[in-house]
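The values are calculated or read from the model by the stated rules, or taken from the named source; none is laboratory data. As the structure is a computational prediction, the values presented were derived from the model and not from experiment. Here the Cβ is made from the backbone with ideal geometry for all residues, glycine too, and neighbour counts use every protein chain on show.
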Amino acid sequence: MSGKAERNIRVRPWLVFPALLCLLPAAPAQTRHDPLNQLEIDQLRDTAQEPEKRLPLYVQFARERLVAVEKMRADPKVQDRGAQTHDGLDDFLSVYNELDDNVDNFADRRDDIRKPLKLIIEADTEFQSKLRAIKDAAGVSPQEASQYEFVLQDALGTVDDSIDDHRKLLAEQEEAAKNKKKRKAQP
């Protein structure tokens with residue numbers, strides 16, 4: 001290979017990289033919808049280190065998303081019910097996944113989250129019931145149901161798995177608290 005050809009090969013990567021950098025801003029940005037509004041975000045930020053306050057907020061926000069889906073589905077004037085159901089369930093699932101991540105984070109930090117876990121387990125049962133009611137709803141056309149079928153199955157699976165995890169974690173925390181109390185009582 002001649003020296004001139006080698007020099008051209010070496011120069012090309014330097015030309016390609018800046019060209020790619022120029023194209024990046026032109027690439028369509030994927031906008032991610034945040035299911036939480038600014039007030040909710042502020043409330044969560046204010047309780048970042050307080051599991052007994054933060055976790056119930058997530059339960060409340062997830063519940064509000066499911067109630068909104070139920071209200072929308074009961075309204076006969078709603079257009080594009082399948083897409084709106086999909087979006088509402090997707091918002092619920094996003095909030096619920098955040099709740100689950102927070103439970104894991106607080107448990108990893110060895111925080112005592114027994115009280116909020118009891119609330120979460122009750123909510124899990126409620127969420128299961130509401131999601132199953134959406135799944136079993138009568139009078140839904142196959143075309144409408146197909147628009148939210150995947151996200152509904154995902155939400156049901158997530159809640160079903162999480163309720164078992166939450167119950168197991170509560171039992172572990174109850175046992176740890178009992179052992180801690182025994183150790184304190186010993187001289």
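Of all residues in the stretch 35-80, which are of a type in the set (Val, Ile, Thr) and within 30 Å of Ala145 (Cα to Cα)?
In the first step, residues of the stretch 35-80 are kept if they are of a type in the set (Val, Ile, Thr); the result is 41, 47, 59, 67, 69, 78.
Listed by number, the residues that qualify are Val59, Val67, Val69, Val78.
Tallying residues that are touching a helix residue (DSSP H, G or I) at 6+ places or on another chain (Cβ under 7 Å) and either surrounded by 19 or more Cβ atoms within 10 Å (Cβ to Cβ) or outside any helix (DSSP H, G or I) (or both) within the stretch 108-118 yields 5.
Take Pro18 and decide whether it is modelled with pLDDT under 95 and within 19 Å of Leu156 (Cβ to Cβ).
Numbers: modelled with pLDDT under 95: yes; within 19 Å of Leu156 (Cβ to Cβ): no.
Here the answer is no, as Pro18 does not meet what is asked.
When restricted to residues that are assigned to a loop (DSSP other than H, G, I, E, B) and either exposed (fewer than 12 other Cβ atoms within 10 Å of the Cβ) or at pLDDT 95 or above (or both), the stretch 51-85 contains 5. Give Ala176, Ala123 a once-over and let me know the one that is closer than 25 Å to Tyr58 by Cβ, modelled with pLDDT of 95 or more and of a type outside the set (D, E, K, R). Ala123 is the lone residue from the list that is closer than 25 Å to Tyr58 by Cβ, modelled with pLDDT of 95 or more and of a type outside the set (D, E, K, R). For the stretch 161-182, a residue qualifies if it is more than 28 Å from the chain's Cα centre (by Cα) and of a type in the set (S, T, N, Q), and exactly one does: Asn179.
Got a number for residues in the stretch 120-146 being in a helix (DSSP H, G or I), among the hydrophobic types (A, V, I, L, M, F, W, C) and surrounded by 15 or more Cβ atoms within 10 Å (Cβ to Cβ)? Working first, answer last.
If we filter the stretch 120-146 for residues that are in a helix (DSSP H, G or I), which is where we start, we get 120-135, 142-146.
Right, trim to among the hydrophobic types (A, V, I, L, M, F, W, C) and you get 120-121, 123, 127, 131, 133-134, 145.
Remaining after also requiring surrounded by 15 or more Cβ atoms within 10 Å (Cβ to Cβ): 120-121, 123, 127, 131, 134, 145.
Total satisfying the criteria: 7.
Can you tell me which residues in the stretch 93-148 are charged (D, E, K, R) and without any contact (Cβ under 8 Å) to a residue 24 or more places away in the chain? Lay out the reasoning, then the answer.
Of the stretch 93-148, the ones charged (D, E, K, R) are 98, 100-101, 104, 108-112, 114-115, 118, 122, 124, 126, 130, 132, 135-136, 144.
Those that are charged (D, E, K, R) and without any contact (Cβ under 8 Å) to a residue 24 or more places away in the chain: Asp101, Asp104, Asp108, Arg109, Arg110, Glu122, Lys135, Asp136.
A search for C-beta distances below 6 Å between a residue of the stretch 61-86 that is under 25 Å from Asp100 (Cα atoms) and without any contact (Cβ under 8 Å) to a residue 40 or more places away in the chain and any residue that is surrounded by 14 or more Cβ atoms within 10 Å (Cβ to Cβ) and not basic (Lys, Arg), counting only pairs 6+ apart in sequence or on different chains, returns Phe61/Glu40; Phe61/Val95; Arg65/Asp91; Arg65/Phe92; Arg65/Val95; Ala68/Gly88; Gln84/Met72.
Of the residues making up the stretch 48-68, at least one is out of contact with any Gly (no Cβ under 7 Å at 6 or more places or on another chain), farther than 22 Å from Val159 by Cα and of a type in the set (Gly, Ala, Ser).
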